[in-house]
Every structure is written in structure tokens, then in C-alpha cells.
Amino acid sequence: MKDNKAKISKQSTNTKTIRKKTTISKNSSKNNKSKVKDLDKLQSSKTRKPRKRKVVRKKSKKPVFQFKTKTVIYIVLTILLLFFSLIGGRYAYYYFKSSTYYFVRDHKKGDQIVKNYYKFGIDISHHNDNNIQWDSLRLMVDYQGYTTKTLSNAKQFYNIDFIIIKATEGVNFVDYRFSDNWKKSREHRYKTGAYHFYRTNQSPVKQAKHFINTVKELSDNDLPPILDIETKHRGMTKNKLNRDLKIWLDLVEKQWGKRPIIYTSNSYAKYYISKDILNHYPLWIARYNVYREPSFSKWKYWQFTDKAVVQGIRGYVDLSAIR
């Protein structure tokens, strides 16, 4: 029994010593691993480059008054630029308008003329050439009946019998070439007429006075005053339109003692102007068809094209025949 007890105690002591060894080996392996990790960290810290710290520079704040002065300067400069560009543009516009001689295309051939008529005239305004050769105005027609400026193609020649010039429009507009065109046309002994472009939304009394004050006087060689009516503003009835037209016509006739001529298109006269006015006043009808005369018995002038060419004027002109 004693021997057995001694054996059992030896075995227990052996197992305890084995367990201690295993725990020691485990602890040593853990220590080794931690040591290896520490060594790795040291090596990596040695090999890695140190990170550069970002230096955040604080923006220097500019004084508030400097920013304001700059914006004020920019605003003033832009206003001055706009102002001078508007003024310059306006002067340039009027310069180019007054020198259309250099910008109007000089067409060599124009529309056909009407047959069986031998007296022709033109009407002009600021839209036409400002360098008119007044002493050499004439109408040339080629073999096919078209207006031309090429002398070698011309078959027929006609004098310009009358010239009608735009004077006024509405209650305050004056054609800026009227005085010059009016003076030169009369100096060259053309039968000359002045017309007013009527605005239906403005006072007929004021428009008549404006026309009278601009034209001032008419001689025996001048054509009667002319009323140009082509438009009708919204809300204008036919009755009111004709009443206003009659007021204008009466005032102008009373001023010069000459019955005015009415210029309008064939369709406008047909739909808007009363028969009393059409039968009482001489008519100048615009109908752009050389094969169809105006459909009114009392027409005196027929504007049959706005694309004729006349020797002495650059570009197209309106051409009319007289009955």
C-alpha cells in the first residue's frame, strides 16, 4: 500500500511539473511574439518617413473700405462706358443714315413699267439716297419694258415729271431731309409735292398743324398737299377714322386753298375709307401690279412699283404714273 501511495504521489508531482513547463513555454512564446511585434514597430518607425504637417496659413483680411472703393470704381467705369457707347452709337447711327450714298446698293435693273402711260414721277424720303443728281434725273427703259441704268440697253427715255417728298409724320416727326429735298426739287423746276404720313392714334388737328408749320407755303407750280394713310391702330373704328381724316383734309385745304390728294393702297381704300372721301378727293393709289390698274374711277396717280431704278438716284425708288 505504501508503495502504491508513493507511486501516485510521484505521478502527481510529474503532472504538476509538466503543467508548469507548458505554462512557462506558453508564456515565453507570448513574450517572444510581443517582442517581435515591438521590434517590427521600431523598424517600421525607422524606415517610414515622418509625415509633413500641413501648415494652414490664415488669409490676411483686407480692409473693408478697399473692397468698397474698388466696386465703386468698377460701377462708375461701366456707367461711363455705357453712356459714351450710347452717345457714340447714336451719332454713328445718324451718320450712317445721313450718308446712305455709300451704303445703298446701286441696282442696274428695276421693275417693269406700265404700258400706255408716258408721264412718271417718284416719291422720296430719308430712306432714299442723299446724293441725288437733280440735274440728271431720267427714266430709262430697256427692250423688255424694265427700268434700267445701262445706257446701251435703253430703248425709251422719259423725263421725271413730278417729285413727291415726305415732310412729316404724326404730331412731331419731321423728315430730316425734307427741307433739302424740297429746296433742290423746286430749284430744278420739278413739279413738287409734300406728303404727311398720318397716324390714326393721334390728333388730326395737331397733325394738320404740324404739317402746315413744316411745309409753310405752296407755289402755283407745287402739287396739292398729300395725305398718306396706310395704317389703322387697334380700336379705331371706320366711322371715327373717316371723321378724323375729314378734319385733317378740311384744315389743310383751308390753309392753302388746294384740295389735298389722298395716298393709300388699293385694299385700304376699299375697306376703310368712305365713299364720300374717295369721290371728293383726288386719289394716289398704290397697287404693285403693272397689269391691273387701281379699282377706283377717280384715281389720278398710280404707284405701280417700289423697285424701279432711275438715273441719278442710287438704289430702288417708288415709281408712279400720272393719268
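Where a number appears in this text, it was derived from the coordinates with a stated rule and is not lab data. Computed from a prediction, not measured in an experiment: that's the story for all the values here. Backbone-built Cβ (ideal geometry, glycine too); neighbour counts: all protein chains shown.
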How large is the charge dipole for region 144-204, taken about the Cα centre, if only the Cβ atoms of Lys, Arg (+1) and Asp, Glu (-1) carry charge, to the nearest 20 debye? 180 debye
Rounded to a whole number, the Stokes-Einstein D of region 141-264 in µm²/s (Kirkwood radius over Cα pairs; 25 °C; 0.890 mPa s) is 153 µm²/s
Highest average packing first - 119-132, 245-258, 69-82, Cβ atoms within 10 Å: 119-132, 245-258, 69-82
Taking the Cα centre of region 107-322 as origin and charging only Cβ (+1 Lys, Arg; -1 Asp, Glu), how large is the dipole, in debye to the nearest 20? 440 debye
Burial ranking of peptide ranges 276-283, 222-229 (average Cβ count within 10 Å, highest at the top): 222-229, 276-283
For region 107-322, count the residues as N, evaluate 2.2 N^0.38 Å, and divide the Cα radius of gyration by that value, please. 1.01
If each residue of separation counts as 0.36 nm, what is the full-extension length gain between Asn172 and Lys119 once their alpha-carbon separation is subtracted? 15.7 nm
Please give every one of the aspartates and glutamates within straight-line cross-link reach of Lys108, meaning a C-alpha to C-alpha distance under 14 Å, and leave out same-chain neighbours fewer than 8 residues apart. Asp142
Rank by packing, highest mean first: peptides 197-203, 267-273, with packing defined as the count of other Cβ atoms within 10 Å averaged across residues. 197-203, 267-273
Pairs Lys209/Lys238; Lys209/Lys300; Lys155/Lys300; Lys149/Lys275: which exceed 31 Å Cα-Cα? Lys149/Lys275
Can you tell me which aspartates and glutamates have their Cα less than 15 Å from the Cα of Lys216? Leave out same-chain residues fewer than eight positions away. Asp175, Asp180, Glu253
